[in-house]
Each structure stands twice: as C-alpha cells, then as structure tokens.
Amino acid sequence: MAQLTAAPLSALVDEPVHIRATGLTPSQLVCLRASLSDEKGNLFYSQAYYKASDTGEVDLEKDPSLGGDFVGVHPMGLFWSLKPETPLKRLMKRDVMNSPFQIQLKLCDPDVPITNRDSSTLTASLTLERWYVAPGVTRIEVKEGRLRGALFLPPGDNHFPGVIDLFGSGGGLIEFRAGLLASRGFATLALAYWGYDDLPRQLREVDIEYFEEAVNFLLRHPKVLGPGVGILSICKGAEIGLSMAINLKQISATVLINGPNFVISNPHVYRGEVSQPTPYSIELISSNALGFVAFHRVYEQTGDVDSQYFFPIEKAQGHFLFIVGEEDKNINSKCYAQQAIEQLRRNGKENWTLLSYPGAGHLIEPPYSPLCYASRIPYVHPNILWGGDVIPHAAAQEHSWKEIQKFLREHLISTRTSQL
Amino acid sequence: KMFQLTATPSSALADEPVAIRATGLPPSKVVTLQASLKDEKGNLFQSRAFYRANKAGEIDLEQDPALGGDYVGVHSMGLFWSMKPTVAFQRLLKRDVMNSPFCITLDLYDSVCFKDSATVPPRVSQMVQRWFSGPGVQRKQIREGRVRGALFLPPGEGPFPGIIDLFGNIGGLVEFRASLLASSGFAVLALAYFAYEDLPEKLLEVDLEYFEEAASFLLSHPKIQRPGIGVISVSKGAEIGLAMACYLKQVVATVCINGCNMVVEVPLRYRDLVVPPILPALEYSQVHMSGAVSLQRCFGELLNKSNHQSVLPVEKAEGKILFIVGENDECIHSRAFAERAMDQLRSHGRSTGRMLAYPGAGHLIEPPYAPLCFWSWQHKLACPVVWGGDPVAHASTQEHVWGEIQKFFRQHLVKTTNKL
C-alpha cells in the first residue's frame, strides 16, 4: 500500500517538512504534487517526479527529483516552486492570525503529459497547515496618532526586542513577515505608510517623522525591550529604513533587503529638511523575451554612479545588514549595497555586514516562499520583472532568514545587558 | 516642426528589411517607437523601443541605438522581431499567404511610453505591409492521391528547383515559409501530414511512403526540375526530413532545423521497414518559472540510452544534409542530436553533412524578422511549452540561416547548365 507521510503536518511556514513515500514498488516512477488555494481562490501548483528506491521508498531529504518544477535533492522544493495557475499572481497571506495556508500534497502515478488537472490516479494524499504565527502570538491593531499598522507580540510576559517591518511595492499593510518574526521572539510592528485605511492613497512624500512616531510608539510599549529598535525592510521599505537609520538615533539594527542608497520617486522630509528624489532615465527599462519589464537600469546615469545622490549613511549610529539578490532585475541592488558600504569604509566605520546571494532575485522572503519572478503592482506598468533563479533564490531565503534573526538578536539584545 | 516617420519600403516581403527614420523631432528628445500588428484572429502583437533624437532632430534605426524597451542597441529591424503577444502563449503565424499581408502600424510618441494603453496619442504613424508571397507567385491547392498541401510556384516558365516544406507537431498546413521561398525562385510544396483535410487527425506513425508520393508528385510536375528535390524541415518535420534523406533517393538536399536524428514517439514505416520510436521521458521535463514546460531534458535523456534501432541511418543518405541548430533550444537538445548524426556520417566516411550551430537561438528558427516565439500553447501536450531563445541572438540567427538555406539549395539543386 503506497503511503505518504509529512512531518510536521502543522507548522510555521519557515519550518521544514520531511516528506516521504513508502510502500511503492522498487524503482517505481511517481509524481508528487502540491497545490494551494490562496484567500482569493487563486490556485498554485508544483510537481516533481521521483523514482522509488529498491525498498520502494522516496525520501525527499535524500532523493533527487528527476524533473518537474525542480531537479535534484530539495526537501522543500514543492513549496518554493509553487506557481500560480493564473500567470503573475503573487502568493501572499493576508489574514495571518486566524488561518494557515493549506497545502494539499498528493502522491500519484506520473501524469503524462504534465497538466494541473487531477486526472492521474491518486494514490495517497494529505493536507499540511502552514502558519504565519506561532501559538500564543497576539496581534494588536495599531491606530495611534497617525500610525496605522499591526503589532505582533510573542507569547509570554517578557520584554522583547522591537522591530519595525517595512515593505515596498504596492503599499497597504503586509503582515506575514511580521507575524513570523514575532513567532521567533521579536515584538514586530508591521507598519503601513500609504494605500491603507486613512493613509494617503498614493505615496507623495516620505515623512520620516511618521516613522519616528512609530519608533517612539514601539519603545513606549511595556513589552518592548529598549533602548533601541530594529528595522526589517525590503525595496522601497529599505530606502525608508536607511533614511530612518540615519536620522533617528534609536535605530540600533537595520536590515536592508534589495534597497537603494538614494532617494527614489518621492522626496524624504525630516524636520524641514527635504531630500529630493534622484533623477532617472525611464527609457532604460527593458523587456525580456517574455515581455516582463526590468527597471534596474533606470538609475544608470545617476544613482548608480554619482555620490551627490547618496544617503549620508556614515551618520547612522546603528548596525546594518545588507541583503542582496544578485539577479535582482528591479533595482541594481548589488551596486547600491556596495556603494553604501564603500561610503561607510571611507568614513572609518565597520558597522555593516553584507550577504550577497548569486542567483537570488528582488523579492527575498521568508524560507520556502515561492519565487515570484514577475507580477503586477498598482499604478505601475504591469508585468514587472523581479528576477531570480528558482533554486538559488530558495537557498538565499533559507539562509538570510536565519542571518536576519541572528543579526537582530545580536544588536538589539546585547545593548541591554551591557547597561546593567 | 513637423514630426515625420518614414519606413522604406512600406510594402515588401516579410523577409526584406525596412529602413525606418524619424525627422522633425525636438533635438535630443527621447521618443518611443511602437510597432503593433493584429493577426488574422485579432490577436494583438506589440513592441516598443526608446530612442534619442540627434541634434538635428533625427533618428535613423540603421545607425542609432535603442536605449531601452523590447531591445537595446542598434537593431534596425528590432521592432519587428521583438513583437510580443499581449496575451501570453500566442504564436504569430500568417495563415493566408496570398491575399493579404500583415499590416504593422508604426507609432511615434514624443515621450517614453511603456504602458499598454498610451494616454497620449502618437505624434505620427506609418503603416508597413509585410507580404508572404511576391508578385507572380502562384498557389495551387494539392489533392493528388494521398498528398495534401499547397504548391507555390515562382513566376515564369521554369523549371524551378523543387522543395518540400515540413513543419512539426503544430499539424495542419503551414504555408508562410513555402510561399516566401517560392518568392526567391524555388517551387515549394507546403506538405501537411496530419490534422488537415482527410489526413489522420493525430500523428500515430510516420508513413514514409506518403512523403515519397509527395516527392514523386513534385518531380512529375512540368515546372519542376529533375531528378532531385530538396526538403526544408523543422522540429518533428526535421526528423521526417532526415528520414526522407536516408531512404528516398529523390531527396538530394535536406535542411533539418532543430530535429532529432532518431525516430521519436511514433514509429517510422517505409515499405517493409518499421523503425521503433524512442519515447521521451516526460518525468525529466522542467517547469519554467513562467509555468510553461521545457522538454529539452526529456529528449536529452534519450542520448544516454543506446537505442541503435531508433537511430536514423544517415550514412545511407545520398544527398546533402544541412543541420541547423539553435543552441538555446528548450524543446530538444538540438545540438547533441545533430552532432550525433554528423559523427555517424564521419564514422562511415561520408562527407555529406554540415552543421551550423547558433548560440542563443531557440527552437523555432523562422524566416528573418519573425518575432521570437519563446513559448506557446502546444495542443498535443495541452500545456504551454518553452521553445527558448535569446531575442537578439535568435533574430540574427534567422537572418543568417535564411541566406544559408537558399545558398545550400541553389548549390545542390540548381542544375548548372554546363554539366554534360
């Protein structure tokens, strides 16, 4: 009797799952399929073909996939290679507290040809739950002063290091990473700054005082460890995170994922001082063979080369972790991280770490998240190319998530003990 | 100043280049050139590129580089070969090759426009007609014995060198390459072999006697030279073309584009001979990040197996063979198959083969300026399939190959008048 096992069946999304099939005939060719329906009913699928061992077993921790959505030994491949049935849809959990993503795992006879239809003989199946919050994590709607967001607190009566979580792209409030980070012991504020509630419908300017309010809010909270907070930020969020780290003394640790080291699109304002956006050459965008548009060259003549545009990063007091996807096709991440680091070096500062991942794209997310290679965002040309090769991107997500937590713990917790 | 856009010639064969120039622009202005085409089913294909006018307000596509858009650099025909369907997976293919051209609208916008629906109207437009048959070319529907297809004859008395044109698993009757070749002086029979008129709906076997009938029909035609004919063939058609070269004495010059040197999927029959097929191992297929499927490794695995009975006996071919290989072919491992055939010829002391391998070119190598079809819906597999190809390399390959094909046929088919 063919059997399919997966352990654990219910877990956080950043936890690996051990998948095995047993009771097969020796060298039997099987197909493992994963499918998921997101909260809007969009379907995502992945599949891989395996050959059973002499004892009729397939163990994804040891055995290579022969083909399908990935090739080789990748125990979590079925998760990070999930692809939307409707092209360009991005997988993103909206309600992180009340429900998990449910993934159906199926063991079937190989379907020839490859289709997503469940026409093949179903041998065994099971359902996995993938949660974005651990049991006991609480979510508090934040609507204080101008602030709009959600604060995620780890379970327990302790004090936790505080982190502000900033996304870019399409605005709104994105909570999944904050929920996960809280599950790993950080009091995390998922902060919206446009396109949410009564915040501006479109981003006009980046008011650093708004983000300062958020920092003060977090530090005021009885469960938040001080005296400094951290930032976890990506893309536009990282541009803002860098600006915050420079202007606000309470920022002790800043994670910048694929962000620029200069102002993009909207001016930054802080206490009357305005930093103007960097001029760009929109004619330098390019479409690939699939019609997806890469934007990473538009600052070729300005932000890529001219230090007059760079943020004065040497003024920041906290520590930086730069995370770079070298195949980022949306912004020239590698160049910008190197420029920022060079500027720190020239000013005799060593408060930085760089993690540069060959093959990784723009949207570096928590482990096992499917690679989003291209998608649409509001107000911009559709079909934006984010870039990334599936396998190295998955490896970058796994590695960077651990490093991010280590970095935040190192620079947010130790300062407290040194003050005793 | 009046914006002007010229395209010369505005009406031409699809394999002829067009000189595009713009004048009367503001000096140094960056503008958008957009090409749009609606195919016979109303599907829209578009391309765009951004150019900077010189100080005299001029742009000459033969000298000036595109800064960005669907291609970058100096590519005078880039607007043609970089056109992409607005709906994914569609392939541009002219069906009626006699009575109407493809009409391409060239629009010039005086700013950088990259959104699908431009909010400003173009400053000036120009229409270009691309014909698939030249003046005087005649088309004759063929229903002789079992033979089904269309014969294209150049204008004049002849006799003309005769060629059979074979496409692949797309089935039906594909005429555009035959009509274009006829426009260059060859008598070409576009030959259908399944899914057309009363031919079998599905290809269940390759009956070489059918193709022999077609060759005999061609040679019996008063306007076609004797004693030998040529074959131009792509993909599955190229496997058949190679079989024709091996077994049919009347075939004296064969062009095989991205085909296998083995009988694949369905058996080959010729009189008493039945050659068993090799079956592609679909478990080695790979799902591209777009969701389309790459089959290259399924066939690649066939190379590792020693299946001599399925290998076509190229050493038996009496005529010349030209193998055209796209090295970025994602459908089959084209280069490996061609090299195996070349090795086989050499090991039998035969010098009848020649291989032209093109780095960056994909599976669907077509006449010059045809848009790269990187992926499209494949009916047999009922899923989108990746054909592969890097746009710029693929475009220059198509230009070079077309010239080589005609040179090859002229060299080996056209009778020299001083032969005794």
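The values are calculated or read from the model by the stated rules, or taken from the named source; none is laboratory data. What you see is a predicted model; the values in this text were computed from it and never measured. Methodologically, a virtual Cβ is constructed for each residue, glycine included, from the backbone with ideal geometry; neighbour enumeration extends over all protein chains shown.
Quick notes
- Of all residues making up the stretch B:178-194, the number that are out of contact with any helix residue (DSSP H, G or I) (no Cβ under 8 Å at 6 or more places or on another chain) and surrounded by fewer than 24 Cβ atoms within 10 Å (Cβ to Cβ): 3
- Summed over the stretch B:26-40, the residues that are over 28 Å from the mean Cα position of the chain (by Cα) and either more than 14 Å from chain A (Cβ to nearest Cβ) or among the basic types (K, R) (or both) give a count of 3.
- Count of residues meeting criterion [at positive phi and facing chain A (nearest Cβ under 9 Å)] in the stretch B:368-387: 1
To keep it simple, each residue is scored yes or no on (1) touching a residue at least 24 places away in the same chain (Cβ under 8 Å); (2) farther than 17 Å from B:Q406 by Cβ.
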{"site": "B:E197", "(1), (2)": "yes, yes"}
{"site": "B:P200", "(1), (2)": "no, yes"}
{"site": "B:L203", "(1), (2)": "yes, yes"}
{"site": "B:V206", "(1), (2)": "yes, yes"}
{"site": "B:E209", "(1), (2)": "yes, yes"}
{"site": "B:A214", "(1), (2)": "yes, yes"}
{"site": "B:F217", "(1), (2)": "yes, yes"}
{"site": "B:S233", "(1), (2)": "yes, no"}
{"site": "B:A253", "(1), (2)": "yes, no"}
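- The stretch A:263-282, subset of a type outside the set (D, E, K, R), more than 27 Å from the chain's Cα centre (by Cα) and assigned to a loop (DSSP other than H, G, I, E, B), residue farthest from the other protein chains (Cβ to nearest Cβ): A:G272
- Strands (runs of 3 or more DSSP E) fully within the stretch B:201-286 counting 2 or more residues that are farther than 17 Å from B:G171 by Cα and over 23 Å from the mean Cα position of the chain (by Cα): B:268-270, B:273-275
- Meets criteria (of a type in the set (A, V, I, L, M), modelled with pLDDT of 95 or more and either closer than 29 Å to A:G136 by Cβ or not in a helix (DSSP H, G or I) (or both)) for A:L203: no
- Filter pass, A:K62 being out of contact with any Asp or Glu (no Cβ under 8 Å at 6 or more places or on another chain) and away from chain B (no Cβ under 14 Å): yes
- Residue under evaluation A:G259, criteria (1) more than 14 Å from chain B (Cβ to nearest Cβ); (2) of a type outside the set (S, T, N, Q); (3) farther than 24 Å from A:L88 by Cβ, criterion not met: (3)
- In the stretch B:64-82, the residues that are farther than 17 Å from B:P371 by Cβ and either at pLDDT below 95 or of a type outside the set (A, V, I, L, M, F, W, C) (or both): B:D64, B:P65, B:G68, B:G73
Residues checked against (1) out of contact with any strand residue (DSSP E or B) (no Cβ under 7 Å at 6 or more places or on another chain); (2) among the acidic types (D, E); (3) within 18 Å of B:Q129 (Cα to Cα); (4) at pLDDT below 95:
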position: B:V18; (1), (2), (3), (4): no, no, yes, no
position: B:P26; (1), (2), (3), (4): yes, no, no, no
position: B:Q34; (1), (2), (3), (4): no, no, yes, no
position: B:G42; (1), (2), (3), (4): yes, no, yes, no
position: B:F45; (1), (2), (3), (4): no, no, yes, no
position: B:N54; (1), (2), (3), (4): yes, no, no, no
position: B:E62; (1), (2), (3), (4): no, yes, no, no
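- Picking from residues in the stretch B:318-341 that are out of contact with any Lys or Arg (no Cβ under 8 Å at 6 or more places or on another chain) and aliphatic (A, V, I, L, M), the one that is nearest to B:K407 (Cα to Cα) is B:I324.
- Of all residues in the stretch A:30-48, those that are surrounded by fewer than 16 Cβ atoms within 10 Å (Cβ to Cβ) and within 14 Å of another protein chain (Cβ to nearest Cβ) total 2.
- Matching option when the condition is farther than 30 Å from B:V392 by Cα, of a type outside the set (K, R) and touching a residue at least 24 places away in the same chain (Cβ under 8 Å), among A:N266, A:N258: A:N266
- Test: residue in the stretch B:68-75 that is of a type in the set (D, E) and surrounded by fewer than 21 Cβ atoms within 10 Å (Cβ to Cβ): no
- Verdict on B:E315 being over 23 Å from the mean Cα position of the chain (by Cα), outside any loop (DSSP other than H, G, I, E, B) and modelled with pLDDT of 95 or more: yes
- Lone qualifier among B:V314, B:V414, B:V401 - being touching a Cys at 6+ places or on another chain (Cβ under 9 Å) and at negative phi: B:V314
- Residue match in the stretch B:299-306 (condition: surrounded by fewer than 19 Cβ atoms within 10 Å (Cβ to Cβ), within 14 Å of another protein chain (Cβ to nearest Cβ) and within 24 Å of the chain's Cα centre (by Cα)): yes
- Some residue of the stretch B:355-366 being among the aromatic types (F, W, Y), farther than 17 Å from B:G237 by Cα and crowded, with 22+ Cβ neighbours inside 10 Å: yes
- Contact map, the stretch A:139-167: residues that are surrounded by 15 or more Cβ atoms within 10 Å (Cβ to Cβ) paired with residues that are hydroxyl-bearing (S, T, Y), Cβ distance under 6 Å, separation 6+ or inter-chain. Pairs shown: A:R148/A:Y196; A:F152/A:T188; A:L153/A:T138; A:V163/A:T188; A:D165/A:T188; A:L166/A:S233.
- The residues of the stretch A:231-262 that are under 21 Å from A:R297 (Cβ atoms) and over 21 Å from the mean Cα position of the chain (by Cα) amount to a single one, A:F262.
- Within the set B:I170, B:I142, the sole residue that is assigned to a strand (DSSP E or B) and either surrounded by fewer than 24 Cβ atoms within 10 Å (Cβ to Cβ) or touching a residue at least 24 places away in the same chain (Cβ under 8 Å) (or both) turns out to be B:I142.
- Annotation: of all residues in the stretch A:107-143 being part of a loop (DSSP other than H, G, I, E, B) and at pLDDT 95 or above, the one that is farthest from the other protein chains (Cβ to nearest Cβ) is A:G136.
- Among the residues listed as A:G23, A:G56, A:G77, the single one being within 12 Å of chain B (Cβ to nearest Cβ) and either more than 24 Å from A:R376 (Cβ to Cβ) or under 21 Å from the mean Cα position of the chain (by Cα) (or both): A:G77
- Any chance B:G291 is more than 11 Å from chain A (Cβ to nearest Cβ), crowded, with 20+ Cβ neighbours inside 10 Å, within 25 Å of the chain's Cα centre (by Cα) and in a loop (DSSP other than H, G, I, E, B): no
- Of the residues making up the stretch A:283-328, those that are assigned to a strand (DSSP E or B) and either without any contact (Cβ under 8 Å) to a residue 12 or more places away in the chain or within 11 Å of chain B (Cβ to nearest Cβ) (or both) are A:S286, A:S287, A:V293, A:A294.
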